[in-house]
Amino acid sequence: AQSVAQPEDQVNVAEGNPLTVKCTYSVSGNPYLFWYVQYPNRGLQFLLKYITGDNLVKGSYGFEAEFNKSQTSFHLKKPSALVSDSALYFCAVREGSQGNLIFGKGTKLSVKP
Amino acid sequence: NAGVTQTPKFQVLKTGQSMTLQCAQDMNHEYMSWYRQDPGMGLRLIHYSVGAGITDQGEVPNGYNVSRSTTEDFPLRLLSAAPSQTSVYFCASRGPLVLNEQFFGPGTRLTVL
């Protein structure tokens, strides 16, 4: 079965510093990976996805993610964090022929001024 | 476009009561899904549908029913509410390709006493 793991419950970063939110995956076959963000009391919003091709994927709001097949990782990154980036971040992997998503438990990102 | 809409935003039920959570989308998406979000557990798939008249179970279907009589609507029914169903419920829809991203509604916060 497909699965993703987000090893950190919370990540704390100072504004202006680079940020990384970690995700590792376990899949049979090709991995199709997604990142979503959830702001307080809101639904999830799509950030980016890896299907194939370049290992560095660029997404919304200046975020990018690096796919590493040998380490089975798909870490979310941003060169310079903003206070407004504070939110809950979810990594997800596609499962099955219908394209259902399996989500990680989420990582709370806190960016302090 | 309104996107994915959910009603109600909040609901309190007593154990044993039944209710229906409404979900609608105006993007003509065939695929729709229901998730529940619990602290520390991420999002878990309850039921999904790949088109009108077609539904299937996800990871945690027990205690929930769904139907899909139109492309636009995908209601979730709780037959006899239990405290374990206290959660935040999200509906989502997706375009025709299985690797398209999903669009999420704003959620329904349900408390079962």
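Just so you know, all these numbers are worked out from the coordinates, no wet-lab data involved. Not measured: the values here are computed from a predicted model. Quick reminder, even Gly has a Cβ in these numbers, built from the backbone with ideal geometry, and neighbours come from all protein chains shown.
May I ask you to list the trypsin sites (Lys or Arg not before Pro) in segment B:14-113 that are in a DSSP loop and have at most 10 other Cβ atoms within 10 Å of their Cβ?
Those satisfying the criteria are B:LYS14.
Per q in 0.12, 0.16 1/Å, what log10 I(q)/I(0) does a Debye calculation on the alpha-carbon atoms of the protein assembly as shown return?
Debye output, listed in q order: -0.65, -1.11.
Among B:LEU21, B:LEU99, B:LEU43, determine the one that fluctuates most according to a GNM of chain B built with springs between C-alpha atoms less than 10 Å apart.
Result: B:LEU99 has the largest fluctuation of those listed.
Roughly how compact is chain A, stated as its Cα Rg over 2.2 N^0.38 Å to two decimals?
Normalised Rg, Cα atoms only: 1.01.
Could you work out the local net charge near B:THR86, counting Lys and Arg as +1, Asp and Glu as -1, over the other residues with Cβ closer than 11 Å to its Cβ?
+1
What value in Å³ per residue do you get for the convex hull of the alpha-carbon atoms in segment B:1-100?
102
Between their Cα atoms, which of A:LYS78/A:LYS105; A:LYS58/A:LYS108; A:LYS105/B:LYS9; A:LYS105/B:LYS14; A:LYS58/A:LYS105 are more than 30 Å away from each other?
Beyond 30 Å: nothing from the list.
Picking from A:ASN12, A:ASN68, A:ASN41, which is most flexible by a Gaussian network model of chain A using Cα springs under 10 Å?
Sorting by GNM fluctuation, first place goes to A:ASN41.
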